[in-house]
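Trainee: Below are the structure tokens for one structure; questions will follow.
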Amino acid sequence: MIDVKRIAEMTSITRQGDGWCIGAAVSSAEMNETADLVADWPGVMEAADLIGSTQVQGRATMAGNLCNAGPAADSVPAMVAAGALARVTGPDGSRDVPVEDIPTGPGKTSLAPGELVTAILLPARPANSGDAYLRFIPRTEMDIAVVGVGVALTLDASGTVTAAKAALGAVGPKVIVASDAAKALIGTKADDAALDAFAAACQAAATPISDKRGTADFRKDITAVLAKRTAKIALSRAKGEA
Amino acid sequence: MSQIHVTTTVNGDATEFLCEADETLLDVLRDHLDLTGSKEGCSTGDCGACSVIVDGRLVSSCLMLAAEAEGRAIETIEGMAEGDQLHPLQQKFLEMAALQCGICTPGILVAAKNLLERNPNPSEEQVRYWLAGNLCRCTGYDKIIRAVMETAAEMRGAA
């Protein structure tokens, strides 16, 4: 057994240009104590902060959350919305892969034998941008998402959405990129009508199953509700209001 | 497979042990070092009964391999009292009966101590969220939360 946590790049948070390189073994607690990182990507950090308890936060990592490939992983939709890359390192060197391409289904990843994720790369946060993540759980803490929604969006000077990305968790075998939902926001002022269209498109993209944590119909309903709420938080952050 | 030799610090004392690669820190604390105050509730990070502090950070010792303790500073419930002098949290838990069966209590005391070191004046909400990963099936939590709040107030007054 090899303890990869003794490799410096695995345990460090470094600036990469205006973006961030977060070693795969950096704990969620440590990320959330890094004020500049939280300021750049509050949605990603909030999502990671929802994983488990305080004592789990001291051990939990986003790379672990990703490679565990649980459909309800909280940090994954937030990372996908933010446009994060996973740095995959193996015998043939390293490659940077969009986070959404790592999980392939429950408990399964696209990593080849001998490969591991060594870092999560968060891009530079564009000006007038915001991100957010919300999940639904029946309790207030220590639970697994019934639905999770990550949204990141960018505005121009007039308040028109120029870029958007939405990702859904726990409503399919792996994280879902809601491309049509993003298109429903881009070019709008993200007014109520646009947000409703966005929410409807997120709902249409969701393909949940019924299980002990919620029925498929309930999950579809919650997807729309959370999508709108999450987009509103991202919007207020993009406007510098929150 | 040969055992791993680990040099670490436990409750301020330089400590060495041998462990298997797949043994957790909790296994070693309890079975090799006879520090049985940290409890094994679930072994999956859900219950918080095995909470310890590693380099100032609260972790579930069941989620950490013992070999990772090399060069770290570990604090357990056994290091909380100074001789016969109980930590204020321990004293307050007794006075306010913030425990019943006691299995979860070491983990809660370690977690609460770490909270008060980071934030001497937490709100009730902050205490409840901080301790959300410490499951207790007896008390209903209210006495625990009140004991932590009371201790925090007294420690601020004493400081």
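Trainee: Collect the residues in the range A:113-147 that are closer than 25 Å to A:Ala216 by Cβ, more than 14 Å from every other protein chain (Cβ to nearest Cβ) and hydroxyl-bearing (Ser, Thr, Tyr), keeping them in residue-number order.
Mentor: Correct list: A:Tyr133 only.
Trainee: Taking the condition of being β-branched (Val, Ile, Thr) and without any contact (Cβ under 8 Å) to a residue 12 or more places away in the chain, how many residues in the range A:211-240 meet it?
Mentor: Let us first name the residues in the range A:211-240 that are β-branched (Val, Ile, Thr), namely A:215, A:222-223, A:225, A:230, A:233.
From what is left, the residues that are without any contact (Cβ under 8 Å) to a residue 12 or more places away in the chain are A:215.
Counting residues in the range A:211-240 that are β-branched (Val, Ile, Thr) and without any contact (Cβ under 8 Å) to a residue 12 or more places away in the chain gives 1.
Trainee: Turning to a different aspect of this structure: Being outside any helix (DSSP H, G or I) and crowded, with 24+ Cβ neighbours inside 10 Å is the filter; apply it to the range A:61-83 and report the residue that is nearest to the other protein chains (Cβ to nearest Cβ). If you could, list the steps in order and put the result at the bottom.
Mentor: So in the range A:61-83, the residues outside any helix (DSSP H, G or I) come out as A:61, A:68-74, A:83.
With crowded, with 24+ Cβ neighbours inside 10 Å added as a condition, the list becomes A:61, A:73-74.
Details: A:Thr61: 11, A:Ala73: 15, A:Asp74: 15 Å.
So the residue we want is A:Thr61.
Trainee: Regarding the range A:29-38, can at least one residue be identified that is closer than 22 Å to A:Gly240 by Cα and touching a Phe, Trp or Tyr at 6+ places or on another chain (Cβ under 7 Å)?
Mentor: Within the range A:29-38, one or more residues are closer than 22 Å to A:Gly240 by Cα and touching a Phe, Trp or Tyr at 6+ places or on another chain (Cβ under 7 Å).
Trainee: Please find, among A:Trp41, A:Trp20, the residue that is away from chain B (no Cβ under 14 Å), within 20 Å of A:Leu134 (Cα to Cα) and in contact with an Asp or Glu (Cβ under 8 Å, 6 or more places away or on another chain). So that I can check it myself, show each step before the final result.
Mentor: Working: A:Trp20 fails: within 20 Å of A:Leu134 (Cα to Cα).
A:Trp41 is the lone residue from the list that is away from chain B (no Cβ under 14 Å), within 20 Å of A:Leu134 (Cα to Cα) and in contact with an Asp or Glu (Cβ under 8 Å, 6 or more places away or on another chain).
Trainee: Looking only at the range B:113-126, which residues are more than 15 Å from the chain's Cα centre (by Cα) and closer than 21 Å to B:Gly157 by Cβ? Walk me through how you get there before you give the answer.
Mentor: Going through the range B:113-126, the residues more than 15 Å from the chain's Cα centre (by Cα) turn out to be B:119-126.
Passing the criteria: B:Asn119, B:Pro120, B:Asn121, B:Pro122, B:Ser123, B:Glu124, B:Gln126.
Trainee: For the range A:18-38, give me each residue that is within 12 Å of A:Leu122 (Cβ to Cβ) and either assigned to a helix (DSSP H, G or I) or in contact with a Gly (Cβ under 7 Å, 6 or more places away or on another chain) (or both).
Mentor: A:Met31, A:Asp36, A:Leu37, A:Val38
Trainee: While we're here: Restricting attention to the range B:121-143, which residues are farther than 17 Å from A:Arg139 by Cα, in contact with a Leu (Cβ under 8 Å, 6 or more places away or on another chain) and surrounded by fewer than 17 Cβ atoms within 10 Å (Cβ to Cβ)?
Mentor: Within the range B:121-143, B:Cys138 is the sole residue that qualifies.
Trainee: Is at least one residue of the range B:1-15 within 11 Å of chain A (Cβ to nearest Cβ) and free of Cβ contacts under 8 Å to residues at least 24 places away in the same chain?
Mentor: Within the range B:1-15 (the criterion being within 11 Å of chain A (Cβ to nearest Cβ) and free of Cβ contacts under 8 Å to residues at least 24 places away in the same chain), the answer is yes, since at least one residue qualifies.
Trainee: If B:Ala97 satisfies every condition in (1) under 13 Å from the mean Cα position of the chain (by Cα); (2) over 28 Å from A:Asp143 (Cα atoms); (3) not charged (D, E, K, R) but one, which is the exception?
Mentor: Only one criterion in (1) under 13 Å from the mean Cα position of the chain (by Cα); (2) over 28 Å from A:Asp143 (Cα atoms); (3) not charged (D, E, K, R) is unmet by B:Ala97, namely (1).
Trainee: Can I ask one more? Residue under question is B:Arg146, and the condition is that it be among the charged types (D, E, K, R), closer than 16 Å to B:Leu25 by Cα and surrounded by 14 or more Cβ atoms within 10 Å (Cβ to Cβ); does it hold? Write out each step before concluding.
Mentor: Details: among the charged types (D, E, K, R): yes; closer than 16 Å to B:Leu25 by Cα: no; surrounded by 14 or more Cβ atoms within 10 Å (Cβ to Cβ): yes.
When the stated conditions are applied, B:Arg146 does not pass them.
Trainee: Something else: Go through the range A:1-17 and give me each residue that's under 19 Å from B:His5 (Cα atoms) and assigned to a helix (DSSP H, G or I).
Mentor: A:Val4, A:Lys5, A:Arg6
Trainee: Also, quick follow-up: Give the residues of the range A:206-222 that are out of contact with any Phe, Trp or Tyr (no Cβ under 9 Å at 6 or more places or on another chain) and surrounded by 21 or more Cβ atoms within 10 Å (Cβ to Cβ), sorted by residue number.
Mentor: Across the range A:206-222, the qualifying residue is only A:Ala206.
Trainee: To continue, here is another question. Does A:Thr154 count as out of contact with any Lys or Arg (no Cβ under 6 Å at 6 or more places or on another chain), among the polar types (S, T, N, Q) and within 23 Å of A:Gly70 (Cβ to Cβ)? Explain how you work it out, then say what you get.
Mentor: Numbers: out of contact with any Lys or Arg (no Cβ under 6 Å at 6 or more places or on another chain): yes; among the polar types (S, T, N, Q): yes; within 23 Å of A:Gly70 (Cβ to Cβ): no.
No, not satisfied.
Trainee: Are there any helices (runs of 4 or more DSSP H) wholly within the range B:64-159 with 1 or more residues that are in contact (Cβ under 8 Å) with a residue 40 or more places away in the chain, of a type outside the set (A, V, I, L, M) and within 11 Å of chain A (Cβ to nearest Cβ), and if so which?
Mentor: Values: elements: B:88-95, B:105-118, B:124-130, B:142-158.
Qualifying helices (runs of 4 or more DSSP H): B:105-118.
Trainee: Would you mention how many residues in the range A:199-224 are of a type in the set (S, T, N, Q) and assigned to a helix (DSSP H, G or I)?
Mentor: Step one: filter the range A:199-224 for residues of a type in the set (S, T, N, Q), giving A:203, A:207, A:210, A:215, A:223.
Imposing the further condition that a residue be assigned to a helix (DSSP H, G or I) reduces the set to A:203, A:223.
The qualifying residues number 2.
Trainee: Then there's this: Tell me yes or no: at least one residue of the range B:36-47 is within 12 Å of chain A (Cβ to nearest Cβ) and not in a loop (DSSP other than H, G, I, E, B).
Mentor: no
Trainee: In contact (Cβ under 8 Å) with a residue 12 or more places away in the chain and basic (Lys, Arg), is that true of A:Arg87? Show your work before the answer.
Mentor: Numbers: in contact (Cβ under 8 Å) with a residue 12 or more places away in the chain: yes; basic (Lys, Arg): yes.
In short, yes.
Read-outs: derived from the displayed coordinates by stated rules, not from any lab. Please read all numbers here as calculations on a predicted model, not as lab measurements. Glycine gets a Cβ as well: all are built from the backbone with ideal geometry, and neighbour counts include every protein chain shown.
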